[in-house]
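Everything below concerns the one structure shown next.
The values are calculated or read from the model by the stated rules, or taken from the named source; none is laboratory data. Fair warning: this is a prediction, and the values are worked out from it, not measured in the lab. Cβ sites come from the backbone with ideal geometry, for glycine too, and all protein chains shown count toward neighbours. Accessible surface is based on the protein model in full, side chains and every heavy atom, while ligands, DNA and RNA are left aside. Shrake-Rupley method; radii C 1.70, N 1.55, O 1.52, S 1.80 Å.
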Amino acid sequence: RPGGAHGRLAGRDAETQLGQSGNTSQVLDTRVQRLRYALARRDWPRATEMLALARDTTMRGRSAAYVDLDYYDALLALGTGRPNDARKALDRSQREAARAGEPPTYLQLARRAEAEALLGRLDTAEASLRAAMARFERYRASRETREQRLAALGYAGDENDPDVGVATVVAALARAGHTTS
């Protein structure tokens, strides 16, 4: 494992120094980066630890408005086989976005479709997937140039999980014979 214990200690030293500086935003950014890395590596214990530390940072600062930790909570729940917990986390994420006047994002909708598919709720999964695709298409169509519309495909996913659960949903729908377009 690259970095191993030495890398974790160095990261904690840097985090301690940031914390002492009072820069809550940088501490949160560091913890979220470490959380994303743990999720990408499927290191669930480490991701759980980093999510808790990130939540602790947002409680002590005003950074909660800048990062959607409920979305990361949903990713962790999906990764550890708890789709119902993922659904609850996505509900919290969407409620918070709605309070800020934001509609559900493509990522939120795609992950909801994944959670619903894993729960066997295929009609709801399909509806969520259709809503996600419509959201993405509206975004893509709003790009001015052909190059920007093509580049939008690169922003559709999570850098550590490009299909954002879409393959899981499509496979579940296909297995159940949901083949209409």
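What are the residues in segment 77-126 that are in a helix (DSSP H, G or I) and open to solvent by 60 Å² or more (accessible area, probe 1.4 Å), if any?
Of everything in segment 77-126, those that are in a helix (DSSP H, G or I) and open to solvent by 60 Å² or more (accessible area, probe 1.4 Å) turn out to be ASP85, LYS88, ARG92, ARG95, GLU96, ALA98, ARG99, LEU118, ASP123, THR124.
Go through (1) modelled with pLDDT of 95 or more; (2) surrounded by 14 or more Cβ atoms within 10 Å (Cβ to Cβ); (3) over 15 Å from LEU28 (Cα atoms) and name the single condition PRO45 misses.
Single failed check for PRO45: (2).
Per-residue answers, yes or no, for (1) more than 23 Å from LEU118 (Cβ to Cβ); (2) modelled with pLDDT of 90 or more:
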site: LEU129; (1), (2): no, yes
site: ALA134; (1), (2): no, yes
site: GLN148; (1), (2): yes, no
site: PRO162; (1), (2): no, no
site: THR179; (1), (2): no, no
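Search segment 48-75 for residues being among the acidic types (Asp, Glu) and more than 25 Å from LEU109 (Cβ to Cβ), and hand back the single one that is modelled with the lowest pLDDT.
This residue is ASP56.
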